[in-house]
Each structure stands twice: as structure tokens, then as C-alpha cells.
Amino acid sequence: MISIHSVGFFIFTLLLAPILPGIINKVKAFFGGKMGPPVMQLYYDVAKLMRKSATYSQTSTLVTRLAPVVIFFSTLGAALLIPSFFREACCRFAGDVILMAYLFGIGRFFMVIAAMDRGSAFEGMGASREVLYSALAEPAFFCGLLVLINETGDMSLSGIFSGLSVELWRQNPAIMLLIAVSWMIVLLTENARIPVDDPNTHLELTMIHEVMILDYSSKDLGMIEYASALKLWLFSSLLVGLTITAGAVPSYLHIPVFLFGMFMVAVIIGCVESTIARLRLIHIPKFIVGSGALAIIALILKIAGN
Amino acid sequence: MQQFLTAILVITCGGLLAWLTGRLKTLSAAIGTGSCIGGGLLALIPAAEILMSGGQTPDIVLNLPLGAATLRLDAVSAFFSLPVIFLGALSAIYAAATCHHDKHECGGYWFFYCLLMASMLFLTASANAVLFLMAWEIMSVAAFFLIIHRDEIASARNAAWSFLVASHVGTAGLFIMFAVLSTNCGSFEFASFIRTSVSAETASMVFFLALFGFGVKVGLLPLHVWMPDSYAFADAHVSAVLSGAMSKMGFYGLVRVLMFLPVHSASWGWALAFGGLLTGVFALITALAQHDLKKVIAYSSMENAGIIMMGLGCAVLAGVWKVPSLAFAALAGSLLHVLNHAACKGLLFLGSGAVYFGTGTRKLEAMGGLAKTMPYTALFFGIGAAAISGLPPFNSFISEFMIFLAGLQAARLGTSPALLLAGVLLAGLGLIGGLAMATFSRTFGLVFLGASRSDKKVEPRESGWVARLPMAILVLAIFLLSLLSPFILIPVTRVASMIASASGTAFTDESALLNIQPVTITAAVTFFLSLFVMLFWQIRSRFFSNGDVDSRCTWDCGFAAPDSRIQYTSSSFSQPVSEVFSSIVRPYRHGEKVAGFFPEHASFRTDAPDSLLRYLYMPLFGLIDRAMVPLRALQHGRLHLYICYLAVVLLILLIWKVVAA
């Protein structure tokens, strides 16, 4: 149900979310031997975008104008459901994880139809890839989730993540590791990171996420950029909750340990992005299906272990 | 019950009158529509009463030559008559609004339309195998005549024939099934089927025969091949009824048969769950490669049948495992999905009809940008597309949520088979949901958004308000079904507990509450989020739009003269998906290669006929055809020899009889 004292953490999440891309970029700059943009860059970008006025394509319809709002609020809605700082989420109930996945789904639906709204050559490309990759990532996420539900015996995200402990990792190291790796791949896929998508590529032909928002400007772009950062934060917090586990941390250390975990996720993403190149487009589905296969192996291990 | 029968009579007589007045198109349409709406309202009252109170009407016993036959309306039949009543009446309004475009004679068309609706209502009310099969047969034949309406088109004729063959093959299975049941208990009455116990082997045989027979109607994986073509070549309102109501009769039959058999076997549940999963995934990856608007929607019917089947399978397994709360979530979810799918699919098919009237084509490659010329249709179709992809805050999300919830509960159970079931439900529904989103964002985007791909100079026109009215009502139904879902679940619970109690699973209040509470919270959360979206959007576009410019051309890497030809087409959008699933879809590729430094001509087109049709049925029927060639010698057209055949057969029968005696 609704937990009021988590609202503070929710607001904290909303405030901190744009910092993750900053950390990733710093790590990448370090690998490249550069200074890189400041960690707070996304805050400045969003603040600047909010002051600008928008330009729309003459081909576009209301869909283009409505989509950023839907994307923004659906991500915000998902943030209400996802536990962070090893505490309960603002809203918990049996099956909230389904609502979370489908809130991301409606955001993606609008992103895709908005991309097709402008009738551009490139945005359709991004849309067509996005829908396929996200559909393939879905089974991996759910397979991992159902093993966790089985382990913890709870059907809400908050319940699952508060039920995780070091003991669980010690008993089934293989299963937990497989889920963590498969969720890491899901995170990279859903948030358009290397090796699935390169946020910094300079060629529209090869983009996925960035190409779909080519035509957005000003407040709309600001909302989308912010929502993407928040989505990255949310997926990372799932990963942190899975790997560090709430049971392992004494409650007075919740906030620093969680923030350290998030920092580490950003560093890992930055290292991945600095050390490996983007996959060729025809190999990406294999990579994502591979994450599903890992999750299914975890499920099979669990079934066999019973 | 009398009232329900009166409704059926009103619809049938209205159909007959419409046929007789076929010359006067307006009058005939008025009579046809009037009787469908009037009959629908008449039938709705007893159905709603039963759903609200949970009782059943007193039986009416007909004295047929074959013996007494009972007509009865209970909660299950009342529930399954709802899509028939609503879609029948709404599609009739649509048909009336569009029939003046039709060059054909409309009288017979109206007659078969009314007959289809009446036979489906009669089907739900018959509690006797003979009546059931009669209604089933009338339904199939009426549907055949509706599909073959445009019989000057060869493809429409082929589609109708394949429908007729497929549905009769299915009916043959049903004949055997009912014969087995009735020899077992010596009566054709449903009530006696329930009373008599059957051995486990017979029960399994009955179930799999039913799965085959009803599977043809719902579009279970290898039996679906008639579906895409028939839905594509029938008129929009007919496809809406066929997909939203007629295919649901298959589920009605399946549920009835499950109620006849008190002891279920786990193998049935697995067959339903895996069958549903394969059906759903196959349907969507084929749908993504289609270029005919109505075929895409037809394949999506198959996908939703798969989802409902997965829910039913889970309910059967939960019944076997004796876990009432799991059975409740799965059964209530799939029943709710029957209603939700009927509303969405009706809306999408009527929308596709409006698009066809506006543009004169069903080809996705020739559409685009219709949102500007057909704003209402675009809005309705967009809502339908988001709803059928199972996205919140729309109705299909609620029912899929319940089936997901069943998967989560199965995961919590912890036994190995339960984990496997959870894997099928969660990962399967996740993949299906993602692919459905891909299918319908593609369809909506290609048809309504971007720039027009058509080379015709004619401006597409919006359909009139009468044709838009049923679509608007269906949109309203979609919102009500999602917003009021906790209340709609009360009668659905009643139906579900009736189905489950037949096999000895009793729902407690606790098991219902465990599932209804999350649905309530979900409905509330999504409602408030969509309220926020609307509010914020209005604020953004009213108060924070100073200096916004909306007259620039689309950014295309500096190319300043983008036109419609640079857009992604339906082939290009589905190319990555077809590539990944190329072992299943196998599209044909047509077109000229790009050659030379300044190529003048280049084209590319894909075409993806149903793989099962191509690789299973075509070779199979070809083989049968060749094997039957020698038999043609017997069919030579000489009448006296035909009479000789008769005499020989009679003689053989006579000898057999004498010897046997």
C-alpha cells in the first residue's frame, strides 16, 4: 500500500537522477584522457532547455506534443513503485512490478509513435529497432523476477527487495549471479547504452534512442532527457537492490551504501562503454536474447534444485 | 428466458423482413439495424439480471423429434452473450451507415448478419448438444455467406471457402466429442453430461476433441489459417463481429466442456498454456510482417486468443493443484480479457473500415498522415491500438495484469511445475506484450502518422457521424472497462466461481480479495497518472508555449526537402523483426536492385504469407489432391451408373444386415 515516509526518498530520487549520466561521462572522459563535461551537466542542460521555445515539424500532429508528457509521467509513475535506498517504495502492492514494466511500455509506445509522427527517414529506423529490442528484453527481466519471487515469497517489488539477503547469495550464488548479469544487459538495452546503442554516436543511421528524439527541442526535449536519466536511475537501483541486498546493510548506512552502489553501477556502465565498441546491429538481438537465456538458465537451475 | 428467446426471434424476423425489403436499401438497413439493436436490448436485460444476481432462468424444454431439449440461460452463457449483444448492435449501426456505398444487393446481407447474431445468442442459451450443434452450424454458415458477400473478388471467394472447410473440419471434431459424451450418459442434455462421471481416458479424449473443434474457431496455432484471409476480405463490421463475438463462442464451448468434466488433468492445462503461448508469439511475428491493415488486426485476434488460452490453461492447472487464488486470477483474467478484446477488436476493425472507406485501400504501404484528414478515426484507432497492446490505463492491461498476477502467484508456490508455469506466463506474456506494442505502434504510425505515401490526388475523407458513433461508444466502453474494472470483476467473479465449482474448486472471499485489491490499486494509479498527463499537457500547451514554432520541415540530416518517400515503410519497419524470426516468417522479397552510380529505378517489397499455410497445408492438400485423382474415374456424369452405385450399396447393406442377423 502507500507508505508516506518513503515520499522523502522519492523526492531524493527525482533530484539525484540526472547525476548518473554525468558520472558515466566522467568515467568515459577519464578513459579518453579528457576532462569531460561537469558531473552536473544534465541539470544545466535541462534547465537551459526549459527556458527555450519549441520548434515542431509541419508533418507532426498532437502525438508529438503529447508524447513527452506521457513519457515523463509514466517514468514518474514507475519511480513511485520502485524501492530505492533499501527502503519501501511509495506505493506497494502485489503485482506492482507488472504495472512498472507496462508504465515503461506506454512511455515507449508514445516515443515510437511520436518518432513515426514526423515522417523522417531516420526516426522510423530508431522506432523499428527500439520496439524489437525492448520486446526481446522483456522475457529476461520477468524470468529473473520470478526466480526472486520464488526465493522471497513476496509479489511486490518492495517485498522482494527487502527479502533479499546475503544468505540468499550464499545459498544460490550461480542463480543470483545469472540474474544480476541478465538484468545488467536488460539495463543496457532499456537505457540505450553501449553495446546495444551508443548515446554519443554522430551518425543518425546507427542510433536507436537518440534518433527517435531528433526532432524534439526545448521543454519537450528537457522532459525526455530527464525521463531517460530517471529511467537509468530506476533500473540501476533495481540492480543495486539485487546485488548489495537490503539485508546486508544496517539501516543507518542505507543511504550512503545505496549511493555508493549507484555510483558503482555508473562506473561499471562507464567502463563498459569505454572498453567495448557498439555491436553491429544484426548481432544486437543475439546479445539481448542471450540475457534472456541467462535468466532462463537461472530458472532451470531453480526448478532443478527443487 | 422467454425474453431472451423473444430477442432471438426479433432479430431473426428482422433479418427476414430486411431480406424481403432488400430492394429498398434504406428501409432494409433500418429494419436490420432496428432489429439488431432492439433484440440486443431485449436480450441484454435477462443477461444482465442473471449476471447481477448469479441465478439462472427457469428452463424451457423444447420437444424436438429427437427428444426433449433444454434452453437455459445461466451466468456463463449470459456472460458470453455480452460481446454478441454489444458488438452485434454496434456493428449493425456501422453497417447501416456505410451500406449505401455498397453496390451489392443488401437484403440477403442483412438477413445473414441478423441470423449470425441470433444463432450466437441461441448458442449461448442452448443446454442440449443437438441444439448447440444446430446453432453452431447456422452460425458458421451465416458467417460464410457474410464473408463471401463480395464474391466477384477471387480472394474473397477463396477466403470464404477456406473458412467453410476449416469450420466444418472443426465441427466434425465437435460431433465426435458430443457423440462420445452422449453415449456415455445416454442423453444429449448438458445437465446429464455434468451428472455422469467419465473415465480419465474418455475425459481426455473429449477435452482434446473440444480443443480441436473449438480451437478452429478461436484460431489455435495450426488451425488458424482461415482466419487472416476471412477477416481481411469480410466487411469491417462483419470482421468486428466475427473476431469480437464469433471467435469467443469457441471459448464459450471450451469452458462448457471443461464444466462437463469434473476431474481435470494437468496435461490439458499444459496443452492450453503452451498452445496459447505459441499461438500468441507466432501470431504477432506474422502480424508484424503483414502489409494489409486488416490482416494485421486479424492476426492480433489470434494473439489475444492465445492470451486467453494461457489464462485458461493456468486455471485448469491451478484447479488440479488445488490452489483457488491462482485459479481465480487466471480464470477471472481470461474471462475479463474476452470482454476487453471484444471491445478493442470491434473498435479496431470498425476503424479499419473507416480507413478503407476514406482511402480505398487496405495496403499499409499506401497510407500515412491520415490523422490530419481523419482526426476522429485516428483518435479512436489510436486508443484501440494502445488498448489492445495491453498498455495502461486501457482495459486490456487490467485483464493481462490479472493473468500476470496468476504467474506471480505460481512463482510463489514454489513447486517445479508451478515455476515452469510461471515462466510460461510471465516471460511469454512479456514477449507477447512487447511484440503487440511493436505491432500496433507500427500499424498506427504507418496509417495515421507521418506524410501520406499514397500517389492518389484524392483527399481521404472522414466517415460520417453515424459511422463514428459505434466507434465512440466502443472507446467509452474501453474506458469504462478499465476504470470500473473492480466493479466489473464482481459479476466476472460469479461466472468464474461457477466454472471453477464444476470441477470442485471453490473460491473463498480471501482468494478473490487477494486478486481484486491489486486490480483496484492499479486502476486507481493509472487513472490518476492519466489525469496528470492530461492536466499537465493542457498547462504546457496553454501557458508554456510562448514562441513555439510549428512550421519547420522535419530534420533529416540537413536534407531540406524531405518528402513522403523517405519515410520508413511497413516492410522496412518490420525488417529487423523478420530478420530475427526469419526461420518462422520467411518473407518473399521482390524488387529491383540498386545498380549504377545514378540509379533511376529501385524498389523493394516483401510479402509474408502464413508459414503454416505455405509449408504445411498447401503441401498436405496438394498430396491429398493427387492421391484422390484415381477416384475421379468414378465420377463420370453417367446417371444410370450412379443409380447402379446406389443399388450396389443397398444390396451390400442388405446382405450385411441378413448375415448379421
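Structure above, values below:
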item: Computed E for residue B:66/residue B:365 - FRET, C-beta separation, R0 51 angstrom, nearest 0.05; result: 0.40
item: Difference of contour (0.36 nm per residue) and Cα-Cα distance, residue A:62 to residue A:50; result: 2.3 nm
item: Number of partner chain Cβ atoms within 10 Å, mean per residue of B:398-410; result: 4
item: Per-selection Kirkwood Rh - the stretch B:319-540 (Cα, Å, 1 d.p.); result: 19.0
item: Most to least packed among A:121-128, A:87-94, B:333-340 [average Cβ atoms within 10 Å]; result: B:333-340, A:121-128, A:87-94
item: Ordering of A:32-39, B:64-71 by packing [mean C-beta count within 10 Å, highest first]; result: B:64-71, A:32-39
item: Under 23 Å from residue A:302, Cα to Cα: lysines that are on another chain or at least 8 residues apart; result: B:322
item: Diffusion coefficient, µm² s⁻¹, Stokes-Einstein with Kirkwood Rh over alpha-carbon pairs of the stretch A:143-257 at 4 °C and 1.567 mPa s; result: 80
item: Cα centre as origin, Lys/Arg/Asp/Glu Cβ charges: the protein assembly as shown dipole, Debye; result: 740
item: Selection from A:256, B:326, A:269, by position along the positive dipole direction of the protein assembly as shown (Cβ); result: A:269
item: Estimated FRET transfer efficiency when R0 is 22 angstrom, pair residue A:201-residue B:572 (beta carbons, to 0.05); result: 0.65
item: Cβ-placed point charges (K, R +1; D, E -1), dipole of chain A about Cα centre in debye, nearest 20; result: 420
item: Estimated Rh, the stretch A:1-122: Kirkwood, alpha-carbon pairs, angstrom; result: 17.0
item: Whole-Å distance, taken between Cα centres, linking the stretch A:49-94 and the stretch B:158-226; result: 49
item: q = 0.16, 0.20, 0.31 Å⁻¹, the stretch A:226-272: log10 I(q)/I(0) [Debye, one scatterer per Cα]; result: -0.44, -0.65, -1.16
item: Of B:571, B:60, A:200, farthest towards positive along the dipole that unit charges on Lys, Arg, Asp, Glu beta carbons give the protein assembly as shown; result: B:571
item: Over 29 Å (Cα to Cα) - which of A:219/B:456; B:25/B:248; B:217/B:456; A:52/A:231 fall in this group; result: A:219/B:456; B:25/B:248; B:217/B:456
item: Taking the C-alpha atoms of the stretch B:13-103, convex hull volume expressed per residue in Å³; result: 119
item: ³J(HN,Hα) computed for each position of the stretch B:491-506 - Karplus, 6.51 cos²θ - 1.76 cosθ + 1.60, integer Hz, glycine/proline x; result: x, 4, 4, 4, 4, 4, 6, 5, 5, 6, 5, 4, 9, x, 9, 10
item: Calculated FRET efficiency for the pair residue B:168/residue B:455, C-beta based, R₀ 56 Å, to 0.05; result: 0.85
item: Contour excess over end-to-end distance, with Cα ends at residue B:621 and residue B:278 and 0.36 nm allotted per residue; result: 121.1 nm
item: Unit charges on C-beta of K, R, D, E only; dipole of the stretch B:319-540, Debye; result: 580
item: For residues of A:62-73, the mean tally of beta carbons on other chains within 10 Å; result: 5
item: Exercise: per-residue mean of other protein chain Cβ atoms within 10 Å, A:214-221; result: 3
item: Farthest toward positive dipole pole in chain A [+1 Lys/Arg, -1 Asp/Glu at C-beta], among A:103, A:172, A:57; result: A:57
item: Between 0 and 90°, nearest 10: helix B:395-413 axis offset from chain B longest Cα axis; result: 70
item: The stretch A:4-305 pair-distance distribution - Cα-Cα, 10 Å bins, rounded %; result: 6, 27, 36, 23, 6, 1
item: Relative packing of B:597-610, B:375-388, B:630-643, which averages over residues the other C-beta atoms within 10 Å, highest first; result: B:375-388, B:597-610, B:630-643
item: For the stretch B:252-306 versus the stretch B:628-661, the gap between their alpha-carbon centres in whole angstrom; result: 43
item: For chain A, built as a Gaussian network whose Cα springs stay under 10 Å, the top-fluctuating residue of A:67, A:248, A:17; result: A:248
item: Measure of compaction for the stretch B:412-515 (Cα Rg per 2.2 N^0.38 Å); result: 1.69
item: For the protein assembly as shown, average projected area of the Cα convex hull in nm²; result: 44.4
item: Per-selection Kirkwood Rh - chain B (Cα, Å, 1 d.p.); result: 26.3
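FYI, it's all coordinate maths here, none of it is from the lab. This is a predicted model, so every value here is computed, not measured. Here the Cβ is made from the backbone with ideal geometry for all residues, glycine too, and neighbour counts use every protein chain on show.
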